[in-house]
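Contents: one structure, followed by commentary.
The values are calculated or read from the model by the stated rules, or taken from the named source; none is laboratory data. No experiment lies behind these values; they were computed from the predicted model shown. Here the Cβ positions follow ideal geometry from the backbone for every residue, glycine too, while neighbour counts run over all protein chains shown.
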Amino acid sequence: MKLSEIWSLSLAVAKRFSEKRGSNLAAAIAFRAFLGLFACLVLSFALAGYLNASGRGVGEWIIGNLGLSGEAANSVYIAVEQAQTSRATTTIFGLLGLVWTGTGLSMAIAYAWNSAWGIPGGGLRGRASGLLWMLGSGASILVAVATTSWIASHHSLPIIAVIIGVIADLSLVMLTASLLPARHIPIRAMLPAVIVTSLGLTAARVAGATVLPRIASDSSAIYGTIGVFFALLIWMLVIGYVLVSAAMVEVVLWERNHGTVDIRVPVPRPHPHLRHRDAARQSKIDKTA
């Protein structure tokens, strides 16, 4: 693809992004992902409770790794003890919350993709697809994290960890593009959007490992604990922009290769007073012209 074609494609994607209000779609994805963090936190408390009950000394491990002392260390001890006593209830609520927020996130991604295509979607089918997407994406992420951790612990080549991360991103994005949207196109037509999204997610992951801790630290110093959540929300918003932009790339390329069709869309009938006012305004415009 020539440079002029890439520039033309970028302008077309930016125009479609603006027409479909891509910023709002990206914000919806970021909000759903942010809600999922709380379910993950609840499950992490439940896990800490189970480990502490088995005599693993989770409280001491957390305090030692974070270098806490005094009041902060006491707070961690109390939190771990409370997690141990209510671990069963916390697990149930955490799993239910994770399923609800996870499927909600998948529906937000599907809605963004369907909006780019201008087609309806959602409902029970969206929730069912979201559950399958959760299981597949969770497995992909776990395999990538476990493999990368094993490579790091054995001091293997870092490039292998990078390759595994890119493969995990590709598989996750391909699963997202093929399972969540309501449109049906060949896999070959999905590949450009999948590649764009994978590159964007890889860049976001690198930024999350390098830039995000610095932003979180600065925000925490100024705004306290809420600053950390603010930094995470910005990172999730970037991921939302990447996903929405990928959907726009897919649609623009499909339209260039296969064309478009015009359809009639029913809208509510305007109030009679508004119709008369618009007719009078159009008459004045015609007379002026």
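Annotations for the structure displayed:
- Checked against (1) more than 20 Å from the chain's Cα centre (by Cα); (2) crowded, with 19+ Cβ neighbours inside 10 Å; (3) not polar (S, T, N, Q), Gly22 passes all but condition (1).
- Of all residue pairs spaced 6 or more apart or on separate chains, those with beta-carbon atoms under 6 Å, a first member in the range 15-43 that is modelled with pLDDT of 90 or more and a second member that is buried (at least 19 other Cβ atoms within 10 Å of the Cβ) and of a type in the set (Phe, Trp, Tyr) are Ala26/Tyr241.
- Residue count for the range 204-255 satisfying the condition of being within 14 Å of the chain's Cα centre (by Cα) and modelled with pLDDT of 70 or more: 18.
- The C-beta contact set for the range 82-106 (first residue of a type in the set (Val, Ile, Thr), second residue modelled with pLDDT of 85 or more, distance under 8 angstrom, 6+ apart or interchain) comprises Thr101/Arg32; Thr101/Leu35.
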